[in-house]
Structure formats: structure tokens, C-alpha cells
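Asks: One structure coming up, written as C-alpha cells, with questions to follow.
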Amino acid sequence: MSINVMVVDDQTLVREGIKSLLSLAPEINIVAEAADGKSALEVISTQKPDVVLMDIRMPVMNGIEVVEALNSRNEIDISPVIMLTTFDDHQLVIQAIQAGAKGFLLKDVSLETLVEAIIKVSNGETLIQPSITQRVVSSLQSKQSTFESSDVPIPLTAKEIEILRLIAAGCSNREISQAVFKSEGTVKNQVSNVLDKLGVRDRTRAVLKAIELGVI
């Protein structure tokens, strides 16, 4: 079953490049595109893509504003957004996480990584490309993040820290289960425990909170 994807970027060459790249993946179906955030919101409402690939910096309405607008609708099925970013956008990445974006990739991402990210996000997971994580670490060292979390989390066990590191690497529950030799159900419970202890609601925020606290 193919995944319906929408591409949003104000640069025509970038949009066409992403579409050409994804045309090589049989599991991906490009259903729509837009050149700015305002147009994207209108198209998302009608097309309801499974995943939206969106540039953070755009005219009229940027990617962060689009994600905020989508989440404010209080709809049951909100199209998850993967932000396309550059090395200079790490502070905007934090804002996008606060807004509710589900993934973050550099614009020079490979086809394999891009398709993998789309599949994971369409399955309800979150993903930060490791190279972006390093930039976020530097930003958090100089500026305290403000996303919702508990101020003093319950101490994590060595196993939970291992799970966190695998989450930060973009591993799915299945991949984590294979790495730690545990059942997928056990890993799912461990991931839930990690989120509860850190006081966050998803895997992306868990990674950023752990980085901020120096846990990983």
C-alpha cells in the first residue's frame, strides 16, 4: 500500500528535486505540492496526505506556523509533518518540535533515509536525523528549551538510557528490540516508561530532554 506524500517548498527546483527523488521509490505516491505555507494548509485540508514534507523557511506562512495551525484544528487525523531543514536552522527545529512536527531531515538527505523517515512517520513514529541532533545539542547548551516536560525527571536506568540512545538514532521499536534482544512488546513498554519519567509526550521530545539534561 503506497504512502501519499505532499511536498511543500518555496523553491521550485527543490520541490522538483524531491519529487524526482521520491518517484524512484515504489511505496511513495506524490499527491500534492505547494510553494508556501498558506497554500499548503488549503491543499492539506482537501488532499489529506499521509505525510507532508515541508520546508521550515517559507514566505507568506512558514513551516512552523503551518504545523501550529494544523494542530489547532483539533482534528482526529492530522497529516504528520516532516520538516526539511539546513544546518543553520537548528534553533527553528526546536520551535518546530514545540509546534508538533514529527520529523526533521536535512535537504541533502539520501533517498533511502528519506523513504525510511516517511514510512516511520506515517506509522506514527517521530524521527530526528542524527546530524541535526548534534546541532540541536549545541543550541540547547546555550539556550534552555521551553517544551513541556517535568523539571526533575525520575532517574533513568542504564537499560532505559540505552533505549533512549537507540531512539535518538532513529530506531523503530522493532529495530530496538533486535538490538537489545527483547520482544517488541517489552520495548514498547520500556519506551513508554522513558517518556513517563522524562515527562514528555513523544519520542522526539524525549530525545531533546535527555540531551538537555546530559543523559545521552
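The values are calculated or read from the model by the stated rules, or taken from the named source; none is laboratory data. For clarity, every value in this text was computed on a predicted model and none was experimentally measured. Positions of Cβ are backbone-derived with ideal geometry, glycine not excepted, and every protein chain shown enters the neighbour counts. Just the protein is used for accessible areas: all its heavy atoms, side chains included, with ligands, DNA and RNA removed. Shrake-Rupley method; radii C 1.70, N 1.55, O 1.52, S 1.80 Å.
Asks: Among the lysines, which have Cα under 21 Å from the Cα of residue 19 when same-chain residues fewer than 8 positions away are ignored?
Replies: The qualifying lysines are 38, 48, 102, 107, 120.
Asks: Ordered by packing density, taken as the mean number of other Cβ atoms within 10 Å over each peptide's residues, highest first, how do 54-60, 18-24, 40-46 rank?
Replies: Final packing ranking: 54-60, 40-46, 18-24.
Asks: Right, here's the next one. Which whole-number value in Å² is the accessible area per residue of segment 1-56, probe 1.4 Å?
Replies: 47 Å²
Asks: Let me ask you something else. Given the whole protein assembly as supplied and a 1.4 Å probe, what does the accessible area of residue 174 come to in Å², nearest 10?
Replies: Taking all protein chains as shown, residue 174 has close to 140 Å².
Asks: Still on this structure, please answer the following. Between residue 196 and residue 179, what is 0.36 nm times their sequence separation minus the Cα-Cα distance? Round to one decimal in nm.
Replies: Result for the pair: 3.9 nm of gain on full extension.
Asks: By a straight-distance test (C-alpha under 17 Å), which lysines pair with residue 197 as possible cross-link partners, with residues fewer than eight away in the same chain excluded?
Replies: 159, 188, 209
Asks: Which FRET efficiency value, to the nearest 0.05, is calculated for residue 45 and residue 113 with the Förster distance at 30 angstrom and r the Cβ-Cβ distance?
Replies: The value I calculate is 0.55.
Asks: Given points 7 Å out from each Cα along the Cα-Cβ axis, report the residue 29 to residue 65 separation in nanometres with one decimal.
Replies: Distance between the two pseudo-spin positions: 3.2 nm.
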